[in-house]
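K.L.:
Structure incoming, see below.
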Amino acid sequence: MSTVRTQPLQPLNNGQLNARTNVTPIKPTRKGKEEDKGKKKKEKLSALCKTPPSIVRTRNGRDYRRGTFLGEGGFARCFQMKDSSGRIYAAKTVAKASIKNEKTKTKLLSEIKIHKSLKHANIVNFVDCFEDDINVYILLEICPNQSLMELLKVRKRVTEPEARFFLVQIVGAIQYLHSRRVIHRDLKLGNIFFDPEMNLKIGDFGLASVLPSTDSRKYTICGTPNYIAPEVLGGKNTGHSFEVDIWAIGIMMYALLIGKPPFQAKDVQVIYERIKKSDYSFPPDKPISDEAKILINDLLSLNPLHRPNVNEILNYDWFKGSFPDKTHEISLSGTPEGLENISKAQSAINFTNTKVSAGIYTPRNKNPVEILRSDLHSEQPRAMLPKSLSPGDTRSKYQEVDPYQLGRPRRVNFNSSFSASIKYLNQVCFETYQNIRKLEYSKYDRIDTMELPSCENPTLISKWVDYSNKYGFSYQLNNNDIGVLFNDENTFLKLHDSDRFLELIYQENEGWTCIENSASHPPSQARRQLEIVDFFAKYMNSNLSKVSENEDRKETVFLRRYTRTADYIMFEMTNGNFQFNFKDHHKICISKNGLAITHVSPNRIAQTHPLIFILKQGNFPSTEVPDCLEKIHTIKDAIKRKAFKE
Ligand code: ADP
């Protein structure tokens, strides 16, 4: 039995690895995994790795007994190693003969350094690292159930519930990596392993990179052909970032559900051409849900900025489907039964538990805090705001009263439908976009079974004046309230049927704090703004005609922000509605999170219907809207841009 004494690796930047010459250099593109049909046949560097001695002894006296061969990649071979207590690990073994130049050495050191710094339930745990004369050993947590690649080989396709569970674990790990500015850059089924409990663990950090800042970019072309993102193929011209991992999630999701990667071809160049055009389709003989297609389509957006980020993926409707409690071992060999029939309630619990185990925390959706005049007990409301809310205070102090951290929202005698936190509005924006897409995709064949929204006419902006070069943007609502969105982003809202006005103080990224005041006895610091509101009110009343007839106030709502383009002005309201005034004088409002649509004709007739009906019929029933579907398309794109914060 041969025993080799090894040296513990010293701090990695000192480089204790002995490089040898005469070895083929590693190209940035790593090939060699079986799953990549596009690879060229070429000798793998892992072939230089000889079987390690049966006992490997580290310098500080630990003995590891080598066990069976576990597998091989392009660079390393992996063996079981058992320590003296009987605990088993995987030793990723890299032949020193393959580390022939500084660049390769630096890359291996970087892999070790990055991997060593990571600790997450869904990342293969790094245990130790040492070397002997012929090899470098990276001791890892053992994943004895192989990878998703082997599972797919056996199974051909997996069910959607299984894939949902996999994706949550993968997303949890990537969320963790991205939060530490690590891009994996080689995510693929063959690099995602099963631990003994059948939890997924991401491994192989050979191409991982830590970005110095979140907005810096990488330029090296690397990855595995089937999984490479289009912007990576752009190389030096475009650069790439975290979104390459999101693209890879899309490839994996497609491969799991359809059975092969979307751009698969014999010739690598053909794969690349397809990737650059995002040229793929869903084969009709392998049906998958519309919700899955929507998510895949978004993950595989050519424009990296159109892909959902790692925090947005799990908000997709696809995750609302049947969700198992865990991955059962049976999945390795055959299709588990009954996974499609897990109840909605149980699925929701399983989904939450899986997210929590994967380190994903989503705060419960609570209503935002409202600060009411009755809370303030003062004639000078601003001065009496809780310290943590006073303007100019720091964000972290503001969070002391973050609604997510308070037990119950404070809500006294103020219109109870007021809810305007930025988090909530961003969520509504995202859901609105998703719902419009879902309705388009549904091919309108499920109307009978769909929940249809109630269709009362929403609160609309009926007149507006853009005076933002001086004061701000003024508008009148169809409930006759008048608002001014001042250039400092605060809003004054004068309620038409009372002596009251609301000062809505905007706190960046958080939302609005509301202070209610008397218009006849305004606090001195608000007088100037109130004069401006009155000025606009007079102007609008004498100069502008209304968009729609008067409605009673159903809710307190005001303008969050507006966007002007050559074709329309878009209003985003604090009730989550989106109003579009097109230049042909037709107006369309999307409400109920994208499920309802309102048309206001040039002669001020408003009608609201479920969006699905309008999509199905191609137009509104009583009034013909010119280019109706095109307008809806424009609206969807505009909301999408907001949802993805372009
Ligand atoms: P490379 O850097 O050469 O691509 P990998 O990290 O992909 O190497 O590992 C090569 C192979 O070793 C894998 O395909 C797998 O079969 C096996 N392997 C890697 N890590 C583990 C592990 N933690 N547990 C069990 N097997 C592993």
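The values are calculated or read from the model by the stated rules, or taken from the named source; none is laboratory data. Quantities reported herein were computed from a predicted structural model and do not represent experimental measurements. Positions of Cβ are generated from backbone atoms using ideal geometry, with glycine treated the same way; all protein chains shown enter the neighbour counts. Note: accessible area is taken over every heavy atom of the protein model, side chains too, but ligands, DNA and RNA are not part of it. Shrake-Rupley method; radii C 1.70, N 1.55, O 1.52, S 1.80 Å.
K.L.:
Considering segment 85-131 alone, what residues qualify as being among the polar types (S, T, N, Q) and either in contact with a Lys or Arg (Cβ under 7 Å, 6 or more places away or on another chain) or within 19 Å of residue 190 (Cα to Cα) (or both)?
P.N.:
Pass one, segment 85-131, residues among the polar types (S, T, N, Q): 85, 93, 98, 101, 104, 106, 110, 117, 122, 125.
Residues satisfying the conditions are 93, 122, 125.
K.L.:
Would you call residue 40 closer than 21 Å to residue 184 by Cα, at pLDDT below 90 and either more than 13 Å from the ligand (Cβ to nearest atom) or not in a loop (DSSP other than H, G, I, E, B) (or both)? Give the steps one after another, and end with the answer.
P.N.:
Working: closer than 21 Å to residue 184 by Cα: no; at pLDDT below 90: yes; either more than 13 Å from the ligand (Cβ to nearest atom) or not in a loop (DSSP other than H, G, I, E, B) (or both): yes.
Against the criterion (closer than 21 Å to residue 184 by Cα, at pLDDT below 90 and either more than 13 Å from the ligand (Cβ to nearest atom) or not in a loop (DSSP other than H, G, I, E, B) (or both)), residue 40 does not qualify.
K.L.:
Restricting segment 296-337 to residues that are touching a Leu at 6+ places or on another chain (Cβ under 9 Å) and within 30 Å of residue 218 (Cα to Cα), which is modelled with the highest pLDDT?
P.N.:
Of everything passing the filter in segment 296-337, 296 is modelled with the highest pLDDT.
K.L.:
Additional query: As an exercise: evaluate residue 90 against (1) closer than 30 Å to residue 317 by Cα; (2) buried (at least 23 other Cβ atoms within 10 Å of the Cβ); (3) free of Cβ contacts under 8 Å to residues at least 60 places away in the same chain and give the number of the one condition it does not meet.
P.N.:
Of everything listed in (1) closer than 30 Å to residue 317 by Cα; (2) buried (at least 23 other Cβ atoms within 10 Å of the Cβ); (3) free of Cβ contacts under 8 Å to residues at least 60 places away in the same chain, residue 90 misses just condition (1).
K.L.:
Now, a different point. If a residue must be of a type in the set (Lys, Arg) and either part of a helix (DSSP H, G or I) or surrounded by fewer than 14 Cβ atoms within 10 Å (Cβ to Cβ) (or both), how many such residues does segment 530-551 contain? Quick ask: steps written out before the conclusion?
P.N.:
Step one: of segment 530-551, the residues of a type in the set (Lys, Arg) are 538, 546.
Imposing the further condition that a residue be either part of a helix (DSSP H, G or I) or surrounded by fewer than 14 Cβ atoms within 10 Å (Cβ to Cβ) (or both) reduces the set to 538.
Total meeting the criteria: 1.
K.L.:
Any residue that is at pLDDT 80 or above, within 30 Å of residue 456 (Cβ to Cβ), surrounded by 19 or more Cβ atoms within 10 Å (Cβ to Cβ) and small (Gly, Ala, Ser) - is there at least one of those in segment 508-529?
P.N.:
Yes, segment 508-529 contains a residue that is at pLDDT 80 or above, within 30 Å of residue 456 (Cβ to Cβ), surrounded by 19 or more Cβ atoms within 10 Å (Cβ to Cβ) and small (Gly, Ala, Ser).
K.L.:
Output the number of the condition that residue 584 fails; it satisfies all remaining conditions of (1) closer than 18 Å to residue 458 by Cα; (2) assigned to a loop (DSSP other than H, G, I, E, B).
P.N.:
With (1) closer than 18 Å to residue 458 by Cα; (2) assigned to a loop (DSSP other than H, G, I, E, B) applied to residue 584, the lone miss is (1).
K.L.:
Under 8 Å between Cβ atoms, at least 6 apart or on separate chains: pull out the pairs that start in segment 185-198 with a residue that is part of a helix (DSSP H, G or I) and end on any residue that is polar (S, T, N, Q) and open to solvent by less than 10 Å² (accessible area, probe 1.4 Å).
P.N.:
If the second residue must be polar (S, T, N, Q) and open to solvent by less than 10 Å² (accessible area, probe 1.4 Å), the pairs left are 189/147; 190/147; 191/147.
K.L.:
Among 560, 604, which is on the phi > 0 side of the Ramachandran plot and either among the basic types (Lys, Arg) or within 28 Å of the chain's Cα centre (by Cα) (or both)?
P.N.:
604
K.L.:
Additional query: Check off (1) open to solvent by 20 Å² or more (accessible area, probe 1.4 Å); (2) closer than 20 Å to residue 204 by Cα; (3) not basic (Lys, Arg) for residue 112 and give me the number that stays unchecked.
P.N.:
Evaluating residue 112 over (1) open to solvent by 20 Å² or more (accessible area, probe 1.4 Å); (2) closer than 20 Å to residue 204 by Cα; (3) not basic (Lys, Arg) leaves (1) as the failure.
K.L.:
Can you tell me how many residues within segment 56-69 are part of a strand (DSSP E or B) and open to solvent by 30 Å² or more (accessible area, probe 1.4 Å)? Step through it out loud before you land on a result.
P.N.:
Let us first name the residues in segment 56-69 that are part of a strand (DSSP E or B), namely 56-57, 63-69.
Restricting the remaining residues to those that are open to solvent by 30 Å² or more (accessible area, probe 1.4 Å) gives 57, 63, 65-66, 68-69.
Residues that pass the stated criteria total 6.
K.L.:
Then there is this: In this structure, is residue 123 in contact (Cβ under 8 Å) with a residue 12 or more places away in the chain and within 18 Å of residue 354 (Cβ to Cβ)?
P.N.:
Yes; evaluated as a whole, the condition is true for this residue.
K.L.:
If you take the residues in segment 175-184 that are outside any strand (DSSP E or B) and of a type outside the set (D, E, K, R), which one is nearest to the ligand (Cβ to nearest atom)?
P.N.:
Once the filter is applied, the top-ranked residue is 184.
K.L.:
Could you check, for segment 230-248, whether at least one of its residues is within 22 Å of the chain's Cα centre (by Cα), of a type in the set (D, E, K, R) and open to solvent by less than 10 Å² (accessible area, probe 1.4 Å)?
P.N.:
Yes - at least one qualifying residue is present in segment 230-248.
K.L.:
Here's another thing I want to ask about it. Any residue that is more than 30 Å from residue 265 (Cα to Cα), open to solvent by less than 70 Å² (accessible area, probe 1.4 Å) and at pLDDT 50 or above - is there at least one of those in segment 16-32?
P.N.:
Checking segment 16-32: not a single residue is more than 30 Å from residue 265 (Cα to Cα), open to solvent by less than 70 Å² (accessible area, probe 1.4 Å) and at pLDDT 50 or above.
K.L.:
Any residue in segment 61-83 that is within 18 Å of residue 146 (Cβ to Cβ) sitting within a Cβ distance under 8 Å of a residue that is among the hydroxyl-bearing types (Ser, Thr, Tyr) and near the ligand (Cβ under 7 Å from one of its atoms)? List the pairs, counting only those 6 or more apart or interchain.
P.N.:
72/46; 73/46; 74/46; 76/46; 77/46
K.L.:
To continue, here is another question. Those residues that are part of a loop (DSSP other than H, G, I, E, B) and either farther than 22 Å from residue 525 by Cα or under 34 Å from the mean Cα position of the chain (by Cα) (or both), I need them from segment 470-493; list them, please.
P.N.:
478, 479, 480, 487, 488, 489, 490, listed by residue number.
K.L.:
Let me ask you something else. Restricting the first residue to segment 602-630 and requiring it to be over 22 Å from residue 545 (Cβ atoms), which pairs with a second residue that is open to solvent by less than 50 Å² (accessible area, probe 1.4 Å) and of a type in the set (Gly, Ala, Ser) meet a Cβ separation below 8 Å and a spacing of at least six or different chains?
P.N.:
609/596; 610/596; 611/594; 611/596; 612/442; 628/618; 629/618
K.L.:
How many of the residues making up segment 534-575 are at pLDDT 90 or above and under 18 Å from residue 481 (Cβ atoms)?
P.N.:
The qualifying residues number 11.
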